[in-house]
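*Asks:* Let me give you the structure first, and then I'll get to my questions.
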Amino acid sequence: MKNLLTDIPGVSVGHADDLRLASGVTAILFDKPAVAAIDVRGGGPGTREESLLKPESTVETVDGITLSGGSALGLDSAGGVQAWLAEQGRGFRIRDAVIPIVPGAICFDLLNGGDKAWGRFPPYRDLGYAAAAAAGRDFALGSVGAGMGATTATFKGGLGSASAKTSTGALVAAIVAVNAVGSVTVGDGPWFWAAPFEVDKEFGGRGLPTSFNPDMLAMRLKGGPAASAAENTTIAVVVTDAVLTKAHAKRLAMIAQTGMARAIYPVHAPLDGDTVFAAATCEKTIDPIYGLTELGAVAANVLARAIARGVFMATALPFPGALPAWKDRFGRNS
């Protein structure tokens, strides 16, 4: 176990990003098509193929999922991932036609200081293709891929991941681009809201403060009163090796959203577009009631940990006025 999404066999992850652009793409690919669903809780989401993922829709599986910066312009990134998969002959087959199924979600990172003067066509389709081509079992965390340009209310955001096992041995893992309107840390201190779920000091081991004062509980919002719905969004993918139907995957995504509430304060706001995809590679049978309940509980913990890791591992953007990274303020040896 590497504490990464790729602890799930048959899953690979690739990044492509551009520091000058201050944005990027993360591609999650499945060796075999995976059952998938989606749950959206924020008020300003941006998604691709959301309707296809509904339990009543015909197509049951996906070949990949794309997370991207770029707001609505970043939805092109899934087309790049789709193009790479098509070259490999991977996708949904209808006689001689092969159609890769690649849902995606985006976050807004267009006002972070990067050079967005890209001309006629945004670069996200090409970044999506490059991310898919780079996919493997090892991948970086922090200011990479879809987390390159991400921010929170107080610190630089980033790309995080974490994994765990249930009591019956089912694997579940998460990957997330943390670009929240709220804060991932308590007040102005080093403590992460997700601290009760931390494993092996994976995001610094600072725990929680011994007591809370009103300032710690005061809302810290990106952009303050001027924040807009387009400026935020935390987007995540939760994957398990358990055997799930599409309806089960939908329930898993819903329960996993609890992890955002454990790690971000406030969350699911009108200014957010919080979205969780859930996917299952369907290798291990679980009980459809109690097993799914435990799987969801563990998935929520894993997502909370991944969110904190994304901020903990981030590095600041090299632009005037850029938000500091957590490690800039509280120590790079943590």
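*Asks:* Considering only DSSP states other than H, G, I, E and B, which GluC sites (Glu not before Pro) in the range 50-107 qualify as loop sites with at most 10 other Cβ atoms within 10 Å?
*Replies:* For GluC sites (Glu not before Pro) across the range 50-107 that sit outside H, G, I, E and B with at most 10 neighbouring Cβ atoms in 10 Å, the list reads 56.
*Asks:* Still on this structure, please answer the following. So what is the accessible area of the range 256-332 per residue, in Å², with the probe set to 1.4 Å?
*Replies:* 37
*Asks:* When a/c is below 1.5 the answer is rounded, else prolate if a/b is larger than b/c, else oblate, so apply that to the range 100-168 with a ≥ b ≥ c taken from the square roots of the Cα gyration tensor eigenvalues.
*Replies:* oblate
*Asks:* Next up: Give the carbon-plus-sulfur fraction of the accessible surface of the chain in %, rounded to a whole number; probe 1.4 Å, heavy atoms of protein chains only.
*Replies:* Carbon and sulfur together cover 55 percent of it.
*Asks:* For a quick check of understanding: with a 1.4 angstrom probe and all protein chains in place, what accessible area in square angstrom does residue 116 have, to the nearest ten?
*Replies:* Spelled out: residue 116, probe radius 1.4 Å, area about 40 Å².
*Asks:* Please work out how much accessible surface residue 250 shows to a 1.4 Å probe, ignoring ligands, DNA and RNA, in Å² rounded to 10.
*Replies:* Counting only protein heavy atoms, residue 250 exposes about 60 Å² to solvent.
*Asks:* How much area per residue is accessible in the range 118-224 when the probe is 1.4 Å and only protein heavy atoms are counted (Å²)?
*Replies:* In whole numbers, the range 118-224 has 39 Å² accessible per residue.
*Asks:* Using only the heavy atoms of the protein chains and a 1.4 Å probe, how would 13, 98 rank by accessible area, largest first?
*Replies:* Solvent-accessible surface, decreasing: 98, 13.
*Asks:* Using a 1.4 Å probe and ignoring any ligands, DNA or RNA, find the accessible area of residue 108 and quote it in Å² to the nearest 10.
*Replies:* Solvent-accessible area, nearest 10 Å²: 30 Å².
*Asks:* A follow-up question, please. Compute the signed sum of charges (Lys and Arg +1, Asp and Glu -1) over the other residues within less than 14 Å, Cβ to Cβ, of residue 124.
*Replies:* Net of charged neighbours comes to -1.
*Asks:* Residues with beta-carbon under 11 Å from that of residue 281, excluding residue 281: net charge, scoring Lys, Arg +1 and Asp, Glu -1?
*Replies:* -1
*Asks:* Note the listed values (1) 30, 28, 15; (2) 29, 24, 17; (3) 31, 25, 20, then indicate which one is semi-axes √(5λ) of the Cα gyration tensor in Å calculated from this particular structure.
*Replies:* (2)
*Asks:* Please give the net charge around residue 254, taking every other residue with its beta carbon less than 14 angstrom from that of residue 254, where Lys and Arg add +1 and Asp and Glu add -1.
*Replies:* That sum, taken over residues with Cβ under 14 Å, equals +3.
*Asks:* Also, quick follow-up: Among 157, 11, 61, which residue has its Cα positioned farthest towards the positive end of the charge dipole of the chain, with +1 placed on the Cβ of Lys and Arg, -1 on the Cβ of Asp and Glu, and the dipole taken about the Cα centre?
*Replies:* 157
*Asks:* Right, another one. What is the dipole size for the chain, taken about its Cα centre, with +1 at each Lys and Arg Cβ and -1 at each Asp and Glu Cβ, in debye to the nearest 20?
*Replies:* Magnitude of the dipole: close to 280 debye.
*Asks:* Accessible area, 1.4 Å probe, largest first: how do 222, 201 sort?
*Replies:* Order by accessible area, largest first: 201, 222.
*Asks:* Treating cross-link reach as a plain straight distance, find the lysines whose alpha-carbon is under 28 Å from the alpha-carbon of residue 116, omitting any fewer than eight places away in the same chain.
*Replies:* 156, 222, 327
*Asks:* Label residue 167 and residue 201 with points 7 Å out from Cα along Cα→Cβ: what is the distance between them in nm?
*Replies:* It is 3.0 nm.
*Asks:* Can I ask one more? Loop only by DSSP, 13 or fewer other Cβ within 10 Å of the Cβ. Give me the trypsin sites (Lys or Arg not before Pro) in the range 10-53 that pass, ordered by residue number.
*Replies:* Listed in order of number, the matching sites are 20.
*Asks:* Could you give the size of the charge dipole of the range 28-183 about its Cα centre, using +1 on the Cβ of each K and R and -1 on the Cβ of each D and E, expressed in debye and rounded to the nearest 20?
*Replies:* For the range 28-183, the charge dipole is close to 120 debye.
The values are calculated or read from the model by the stated rules, or taken from the named source; none is laboratory data. Computed from a prediction, not measured in an experiment: that's the story for all the values here. Quick reminder, even Gly has a Cβ in these numbers, built from the backbone with ideal geometry, and neighbours come from all protein chains shown. Surface areas here come from the heavy atoms of the whole protein model, side chains and all, with no ligands, DNA or RNA. Shrake-Rupley method; radii C 1.70, N 1.55, O 1.52, S 1.80 Å.
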